[in-house]
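These notes are about the structure you will find just below.
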Amino acid sequence: MSHTAAPANSNTSPRAIWSLTWPQMLMMYVQFFSGFTTVWTAGQISADLQAALGMITQCGVFFMVLCMALSSGGMAAVSQSFGAGLMDRARRYVAASIGGTALLGCLMALVCTAFGAPFLRLVQTPEPIMPLALDLWGVAMLALPFQYLYASSGVMFRALRQVLPPLWVAALVCIVTLLGCLGFGLGFFGLPNFGAQGIIWTQCGGQAIGAFANLLLLRRCGLLRADALPGLRWLRAGLPYLLKVALPAGAAQIVWQTGYLMLFVLVADLPRDSVHALAGLTAGLRIEALLFMPGMAFNMSAAVLVGNCLGAGDKIRAKRVALQMVGIAACVMSLVAAALWPFRQELAALLSHEAQTQANIVSYLTYNLLSTPFSIASTVMGGVMAGAGATRYNLIVYGGTFWLVRLPLGWLLGHHLWGTASGVFCAMLVSQCLQTFLMLYVLLRRDWARFAMRVAHDGRNGRNGRAGA
C-alpha cells in the first residue's frame, strides 16, 4: 500500500475550531429547514399526514444505521490518516467507505420495500393513518440509496476538514425541497398539487441531487480518483480497523434508532389521543433540531479534531480539545434553548393549527429544552469517542440509558401513572441527564485514546508513518 505523507493537519486553535464548526453548524440549520419545510407542509394538509410522515421519517432514520456505522469507521480512519499526513491512505478509506455505503443502501432499500407493511405494523402505526403511510413508504425506500450516498459523502468531506462543499450542496437540497414542497405539495407557483405524494417525491429528488452533487465534488477534489480505489491487498489490511470502529457504531445506531422507534410506539399506543400525540412528537422533534443540529456540528468537529490529534500521536491535546468542545457547545446551545423557552406556544402554533397537537408540541418542548445542556454535552462526547475509534462506549452508554431508563420509565409514566405523552417526554429528560454523567465519566476516567490506529515512526520522512492500515 502507498502511504504518501503530507504535512500533519492537527491545528486545534480556537480559530481552527471555529472555521471547522461554523460551516457545519450552518449546514445543520439548512438541513433543519429542509426537514421543517416538509413537516410544515404536511401540517397544512392534515394531522394524519403529519403523523404518517413522522413515522416514515423515523423509520428512514432507523434504516440509516448501516450507513452511519460505516461512515463512523470511515470518519475515524480518514481523520486520523489526515492528522498523520497520510493522504493516500485517507483517499483509499474515502473510496472504501463510499463504495460500501452505496452497496448497503441498495440492499437495504430492496429488503425494506419487500417488508414495508409488516414493518409499519410492527412499529404500531395507528390504523387510521396506515393506508397513507403505505402510500409514502415505497417512494421513501426508493430514496434510501441516495440518502446513504448523500450522508456518507458528506462525512468524508468533513473528515478532511473540507466543510464548505457539503454546505453548498445542503443549501441546494434545501432550495429544491422548499420549492418542491410548496409547489407540488400545496400547489404554489401554478404547479400541480399532488399533496402527500408531492412532498415525498420532493424528498426523494432532493436526496438524489445531494448525492450526485457530493460525488461530483469529491471527484473534482481528487478524492475519488481511479487510482484511489483500494485493491484486495489494501482492503485486507485496511478494512479491519474500519470494521473495528463500524461494528460497535452500527450496534449503537441500531440500539439507539430501535429505541426511538419504540419511543414512537409508546406514543402511538397511548391510552388516549395517540394521533395528536404522535403528530406533536413529530413536530416537536423538528423544533428540537434547532438545538440538536448545531450540537451535531460540534459533534462532527470534535470527531475530526480528536481524530487529527490522535493521528498525530498527541493524546493530551486530544483530551484537552474534547473538554473544550463539550464546554463550548453546552454553554452556547443552552443560551439558545433559554431564548426559545418563552416562545413554545408560538412555535407549536406555527407547525399545527389543531389545539390538541399544539398542546403535545408544547409539552415536548418543555422537557426537551430543559435537557439541552445534557443532550448537547453527551452528543459532543459521542463525537469524541467516534473520532478516537472508541465507539463501543457510545454503544454501552447510549444503548444502556435508552433501553434501561428511557423506555421503561416512559412506559410507566406515559401508560400507567400519567396516561399522556408528557410521561414519555419526561422520561427522555431523565435519561439524557444520566447519559451525560456516564459519558463524562468515560471522557475523564477511561483510556478511550487507545482505540486509535497504531502509529509507528517512519524514519524515511521523520514523521508519523504507517498507522494500522
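The values are calculated or read from the model by the stated rules, or taken from the named source; none is laboratory data. Predicted, not measured: the structure shown is a model, and the values here were computed from it. Neighbour counts are summed over all protein chains in view; Cβ atoms, including those assigned to glycine, are modelled from backbone coordinates with ideal geometry.
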- Query: On the given criteria, is residue 246 within 22 Å of residue 302 (Cα to Cα), in contact with a Leu (Cβ under 7 Å, 6 or more places away or on another chain) and modelled with pLDDT under 80?
  - Reply: yes
- Item | the range 1-25 - residue that is modelled with pLDDT of 75 or more and crowded, with 17+ Cβ neighbours inside 10 Å and, of those, farthest from residue 202 (Cα to Cα) | 16
- Message: Looking for something modelled with pLDDT of 85 or more and of a type in the set (S, T, N, Q) - is there at least one such residue anywhere in the range 98-116?
- Response: yes
- Are any of the residues in the range 26-45 in contact with a Phe, Trp or Tyr (Cβ under 7 Å, 6 or more places away or on another chain), in contact (Cβ under 8 Å) with a residue 24 or more places away in the chain, of a type outside the set (D, E, K, R) and surrounded by 21 or more Cβ atoms within 10 Å (Cβ to Cβ)? no
- Do the conditions hold for residue 234, that is, is it modelled with pLDDT under 80, more than 14 Å from residue 54 (Cβ to Cβ) and either of a type in the set (Gly, Ala, Ser) or in a helix (DSSP H, G or I) (or both)? yes
- Query: In the set 282, 258, which member is part of a helix (DSSP H, G or I), in contact (Cβ under 8 Å) with a residue 40 or more places away in the chain, farther than 21 Å from residue 357 by Cβ and among the hydroxyl-bearing types (Ser, Thr, Tyr)?
  - Reply: 258
- Message: Return the residues of the range 147-166 that are aliphatic (A, V, I, L, M) and part of a helix (DSSP H, G or I); say none if nothing qualifies.
- Response: 149, 151, 155, 156, 159, 164
- When you look at residue 217, is it within 22 Å of the chain's Cα centre (by Cα) and over 21 Å from residue 382 (Cα atoms), yes or no? yes
- Message: Out of the residues in the range 271-319 meeting the condition of being among the small types (Gly, Ala, Ser) and under 30 Å from residue 130 (Cβ atoms), tell me which one is surrounded by the fewest Cβ atoms within 10 Å (Cβ to Cβ).
- Response: 274
- Note on the structure: Of (1) basic (Lys, Arg); (2) surrounded by fewer than 24 Cβ atoms within 10 Å (Cβ to Cβ); (3) in contact (Cβ under 8 Å) with a residue 24 or more places away in the chain, residue 89 satisfies every one except (2)
- Scan the range 119-138 for residues that are at pLDDT 85 or above and part of a loop (DSSP other than H, G, I, E, B) and jot them down. none
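Rundown of residues vs (1) modelled with pLDDT of 90 or more; (2) in a helix (DSSP H, G or I); (3) closer than 22 Å to residue 260 by Cβ, yes/no style:
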| residue | (1), (2), (3) |
| --- | --- |
| 331 | yes, yes, no |
| 339 | no, yes, no |
| 361 | no, yes, yes |
| 376 | yes, yes, yes |
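This table checks each residue for (1) assigned to a helix (DSSP H, G or I); (2) crowded, with 16+ Cβ neighbours inside 10 Å.
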position: 168; (1), (2): yes, no
position: 178; (1), (2): yes, yes
position: 181; (1), (2): yes, yes
position: 189; (1), (2): yes, no
position: 192; (1), (2): no, no
position: 197; (1), (2): yes, no
position: 205; (1), (2): yes, yes
position: 208; (1), (2): yes, yes
position: 213; (1), (2): yes, yes
- Message: Among the residues of the range 144-155, are any free of Cβ contacts under 8 Å to residues at least 40 places away in the same chain and buried (at least 18 other Cβ atoms within 10 Å of the Cβ)?
- Response: no
- Give the residue that is farthest from residue 50 (Cα to Cα), with candidates limited to residues of the range 131-143 that are surrounded by 22 or more Cβ atoms within 10 Å (Cβ to Cβ) and among the small types (Gly, Ala, Ser). 143
- Query: Does residue 171 satisfy the condition of being small (Gly, Ala, Ser) and within 24 Å of residue 95 (Cβ to Cβ)?
  - Reply: no
- Item | Filter result (assigned to a helix (DSSP H, G or I) and surrounded by fewer than 23 Cβ atoms within 10 Å (Cβ to Cβ)) within the range 345-357 | 345, 346, 347, 349, 350, 355, 356
